[in-house]
Amino acid sequence: MHTDLTFFTNESGSTLLDRFKCTLKDVRYFDILVGYFRSSGFFHLYKSFEHIEKIRILVGLSVDKRTYQVIETARQNDFDFESHDRITKVFEKELLEEVETAADCQDIEEGIRKFCEFIELGKIEIKAHPSRNLHAKVYISRYKEGDRDFGNVITGSSNFSDSGLVSQREFNVQLKNRSDVNFALEQFEKLWIEAVDISEYYVDTIQ
């Protein structure tokens with residue numbers, strides 16, 4: 001049995017998803033810096049995002065088409081029954097093929113609704129780095145004021161996707177020293193200032 005709580009390899013009992021479900025319970029701010037953002041990653045974690053005050057996602061290379069569709073719908077404040085039904089059908093077919101531990105259709109519908117809701121409310125901000133040459137994978141958590149710790153950083157090989165969180169062998173490490181969290185946060189802030197809105201230019205055409 002895996003007993004090291006510092007490293008995560010996605011072996012049984014040591015998935016990055018398991019770790020996030022544990023640590024995100026007390027998180028106030030969550031910053032994500034990844035090369036690739038996939039909607040399959042969001043569907044694994046949207047329930048854990050409910051209580052988080054602010055989530056910033058910075059994409060270095062691309063997002064999948066499904067993510068872009070939801071972003072555009074939320075931007076237009078046009079998430080009516082027709083658009084919900086259309087996007088749901090696309091998600092159901094493609095997501096069920098992609099995610100090995102796929103949720104049922106009801107979970108997918110709820111996930112789509114939450115994705116749009118979080119973006120519309122400003123709870124989630126998602127941007128892209130204009131260089132399209134940023135392949136880092138860094139997850140920065142900051143806890144609520146008065147918590148036992150300031151926060152933590154998880155970094156390694158996992159993108160924000162089903163394979164990165166669960167199904168593919170990865171190698172990630174969690175850092176808890178405040179100096180490490182501050183360094184990662186400073187770097188994130190610099191890149192965030194340079195970031196631009198997600199456009200079709202950042203949509204991965206290889207599906």
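Observations on the model:
- For the range 87-112, the tally of residues that are in contact with a helix residue (DSSP H, G or I) (Cβ under 7 Å, 6 or more places away or on another chain) and at pLDDT 70 or above stands at 2.
- Qualifying strands (runs of 3 or more DSSP E) (wholly inside the range 136-197; at least 3 residues being among the acidic types (Asp, Glu), loosely packed, with under 14 Cβ neighbours inside 10 Å and within 15 Å of the chain's Cα centre (by Cα)): none
- Screening the candidates VAL181, VAL173, VAL196, VAL153 for the property of being of a type in the set (A, V, I, L, M, F, W, C) and more than 19 Å from ARG56 (Cα to Cα) yields one hit, VAL173.
- If the condition is being closer than 21 Å to GLY151 by Cβ and in contact with a Gly (Cβ under 9 Å, 6 or more places away or on another chain), then the range 48-68 contributes only LYS54.
- Residues being over 11 Å from the mean Cα position of the chain (by Cα) and either closer than 15 Å to LEU121 by Cβ or buried (at least 19 other Cβ atoms within 10 Å of the Cβ) (or both) - total across the range 31-62: 7
- Count - residues of the range 25-46 that are within 16 Å of CYS116 (Cα to Cα), touching an Asp or Glu at 6+ places or on another chain (Cβ under 9 Å) and outside any loop (DSSP other than H, G, I, E, B): 7
- Scanning the range 112-121 for residues that are of a type outside the set (Lys, Arg) and in contact (Cβ under 8 Å) with a residue 60 or more places away in the chain turns up PHE115, PHE118.
- Meets criteria (modelled with pLDDT of 85 or more and under 17 Å from VAL27 (Cβ atoms)) for VAL181: yes
The values are calculated or read from the model by the stated rules, or taken from the named source; none is laboratory data. Keep in mind that this is a model prediction, so the values were computed, not measured. Glycine also receives a Cβ, built like all others from the backbone with ideal geometry; neighbour counts cover every protein chain displayed.
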